[in-house]
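Undergrad: Sharing a structure here in structure tokens format.
The values are calculated or read from the model by the stated rules, or taken from the named source; none is laboratory data. Bear in mind that the values here come from a model prediction, so they are computed numbers and not experimental data. Using ideal geometry, Cβ is built from the backbone for each residue, glycine included, and neighbour counts are taken over all protein chains shown. For accessibility, only protein heavy atoms count, side chains too; no ligands or nucleic acids. Shrake-Rupley method; radii C 1.70, N 1.55, O 1.52, S 1.80 Å.
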Amino acid sequence: MARMIADCRRFESDNNCSLTIIGEQDEVISAAAQHAAAAHGHEDSPELRMQLVALLEPEQSYIAGSRQPEPFPS
């Protein structure tokens, strides 16, 4: 299974979150859902996890340092 990234720097947030999670897809989804609930007030639900899967990027796309945030897709 390919390693994936969930990168909070990618999207605008109230707390300017800089967390980046890299690992196997199931590990990243689990950790990102827990983080989204704890740090951003989202409910850890099957719907959230489906959204997270759609937002993952391949590990090779990782960019160190800052990243220009974009609006969160609706």
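Undergrad: Taking the stretch 48-74, which residues are assigned to a loop (DSSP other than H, G, I, E, B), surrounded by 11 or more Cβ atoms within 10 Å (Cβ to Cβ) and either of a type in the set (S, T, N, Q) or modelled with pLDDT under 95 (or both)?
TA: Y62, I63, R67, P69, F72
Undergrad: May I ask you to list pairs of residues, at least six apart or on different chains, whose Cβ atoms are under 6 Å apart, with the first in the stretch 48-74 being within 19 Å of C17 (Cα to Cα) and the second being at pLDDT below 90 and not hydrophobic (A, V, I, L, M, F, W, C)?
TA: Close Cβ pairs satisfying both conditions: P69/E12; P71/E12.
Undergrad: Is there any pair with a first residue in the stretch 29-40 that is closer than 13 Å to F11 by Cβ and a second that is charged (D, E, K, R) whose Cβ atoms are under 9 Å apart and which are 6 or more apart or on different chains, and what are they?
TA: The qualifying pairs are A32/R49; A36/E43; A36/D44; H40/D14.
Undergrad: Could you tell me which of the residues A33, A2, A6, A38 is surrounded by 14 or more Cβ atoms within 10 Å (Cβ to Cβ) and over 19 Å from R67 (Cα atoms)?
TA: A33
Undergrad: May I ask you to list pairs of residues, at least six apart or on different chains, whose Cβ atoms are under 8 Å apart, with the first in the stretch 11-24 being under 15 Å from A64 (Cα atoms) and open to solvent by less than 70 Å² (accessible area, probe 1.4 Å) and the second being assigned to a loop (DSSP other than H, G, I, E, B) and among the charged types (D, E, K, R)?
TA: none
Undergrad: Same structure again: Looking at the structure I just gave you, is S45 without any contact (Cβ under 8 Å) to a residue 40 or more places away in the chain, of a type in the set (S, T, N, Q) and either open to solvent by less than 70 Å² (accessible area, probe 1.4 Å) or in contact with a Lys or Arg (Cβ under 8 Å, 6 or more places away or on another chain) (or both)?
TA: Here the answer is yes, as S45 does meet what is asked.
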